[in-house]
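Here's the structure we're looking at; comments come further down.
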Amino acid sequence: MKRVFSGVQPTGNIHIGNYLGALKQFVELQEENECIYCIVDMHSITVPQDPKELRKNTLDVAALYLAVGVDPSKSIVFVQSDVPGHAELSWVLTCNSYTGELSRMTQFKDKSKGRESAPTGLFTYPILMAADILLYDTDIVPVGNDQKQHIELCRDIAIRINNKYKKTFVVPDGRFLKAGARIMALDDPQKKMSKSAENIHSRISLLDEPSKIKKSIMRATTDSEGSIRFDAENKPGISNLLNIYSVFSGKEIADIEKDYEGRGYGDFKKDLVEVTMEALTPIKERFEEIRNSDELIKILRDGAEKANAIAEKTMKRVKDNFGLGI
Ligand code: TYM
């Protein structure tokens, strides 16, 4: 049995990219592993947040975890800031990382572009993420492709500390799906689908209304060739839609291509609306139920207690190996 850890930021607009890249894996992995799923609210405050909104979004993501099928009787579900070990370990890792390696992170480069001075939290964000992972002796981290560089850095820091001090950390591996790992924006298939893009039709959020889903898919950018064929380089728009169709329906892309031979984009998009709706409607229904129940807070408190018990053990080992405390 392996230890699995992953997290999602509670920043609103959780979309099908988050679902197909990460959340779907969370559910698959919980059957045969010891899984810990976190709502990483401390990562969210690397950019300004409205306190009320943040707490609402935290509970929304927790409810979404459960709505997509994460089962609290099998997996630990909790909120990052409820376990102090994350911040504590983050400092120890900060003292064993370099400004050079943090400056190379593409996410930091993107987010700080054009600014003379960026928030320090944005810069050290990957260290807090490494702390999340290493705190639980994690073997596997299910994430989308955009987190690859952060996982690499986490591994580098763990190996560096293991070599310098006594063996302290398990060195984790990322886990990426073939089709869902990088869902692209519907309005611009050169960019990844994102929670924060201004155009709401660039993404399909898990809680979107059917009419919005339809609109976003029907106006998705394709090409002028008109044939339904996977070719990520030359036909990124239709290839992205084929990917989405494939993961939602469970059909192979080659089979979908055959089904739509000689048919137009309009037909294909209409069916994609159906396939997407079929997958998202039950999630939305379960979400409403869970979000409005008293159970949610209890599940998160219980999860934090279990997570904290594991975290405290790791912190004791870290402190012993570093000579911290008495
Ligand atoms: P976040 O909140 O941006 O995204 C949550 C998960 O969704 C994946 N994802 C995507 N997958 C496919 N296509 C997309 N367009 C797409 N957009 C996002 C992300 O890869 C992620 O798996 N840094 C992380 C949160 C985090 C974390 C951790 C993850 C903090 N600590 C420890 C794993 C382990 C993030 O910002 O994810």
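Quick notes
- Residue pairs, from the table Lys2/Lys235; Lys215/Lys258; Lys284/Lys306; Lys74/Lys316, whose Cα atoms sit over 32 Å apart: Lys2/Lys235
- Spatial separation of Cα centroids for region 180-219 and region 1-39, in angstrom: 20 Å
- For a straight C-alpha distance cut-off of 17 angstrom, the aspartates and glutamates reachable from Lys313 (same-chain residues fewer than eight places away being disregarded) are Glu34, Asp82, Glu88, Asp132, Asp137, Asp139, Glu305.
- In region 113-214, lysine pairs closer than 25 Å at Cα, eight or more apart or cross-chain: 19
- Other residues within the sphere of radius under 14 Å centred on the Cβ of Gly323, judged by their own Cβ, net out at +4 (K and R +1, D and E -1).
- Portion, in percent, of the accessible area of region 200-288 that falls on carbon or sulfur, probe 1.4 Å: 48 percent
- Mean ellipticity per residue at 222 nm, deg cm²/dmol - from DSSP H runs of n ≥ 4 across the chain, formula -39500 (n - 2.57): -16000 deg cm²/dmol
- Using the Cβ-Cβ distance between Lys178 and Lys270 with R0 set to 35 Å, the FRET efficiency works out to roughly 0.85.
- The protection proxy used here, the mean number of other Cβ atoms lying within 10 Å of each residue, ranks peptides 53-61, 153-161, 281-289 as follows, highest first: 153-161, 53-61, 281-289.
- 1.4 Å probe accessible area per residue over region 116-205, in Å²: 45 Å²
- If the segment from Ala254 to Ser103 were pulled out straight at 0.36 nm per residue, it would be longer than the present Cα-Cα gap by 50.3 nm.
- Sequence-distant residues sharing a close amide H with Asp231 (under 5 Å, placed H): Ser239
- Max mean-square fluctuation residue, GNM over the chain, Cα-Cα springs under 10 Å, options Ala67, Ala304, Ala232: Ala232
- Among Met193, Met277, Met105, the residue with the largest mean-square fluctuation in a Gaussian network model of the chain, with springs joining Cα atoms closer than 10 Å, is Met105.
- Accessible surface ranking for His150, His201, 1.4 angstrom probe, highest first: His201, His150.
The values are calculated or read from the model by the stated rules, or taken from the named source; none is laboratory data. Computed from a prediction, not measured in an experiment: that's the story for all the values here. Neighbour counts are summed over all protein chains in view; Cβ atoms, including those assigned to glycine, are modelled from backbone coordinates with ideal geometry. Surface accessibility is based on the protein's heavy atoms, side chains included, excluding ligands, DNA and RNA. Shrake-Rupley method; radii C 1.70, N 1.55, O 1.52, S 1.80 Å.
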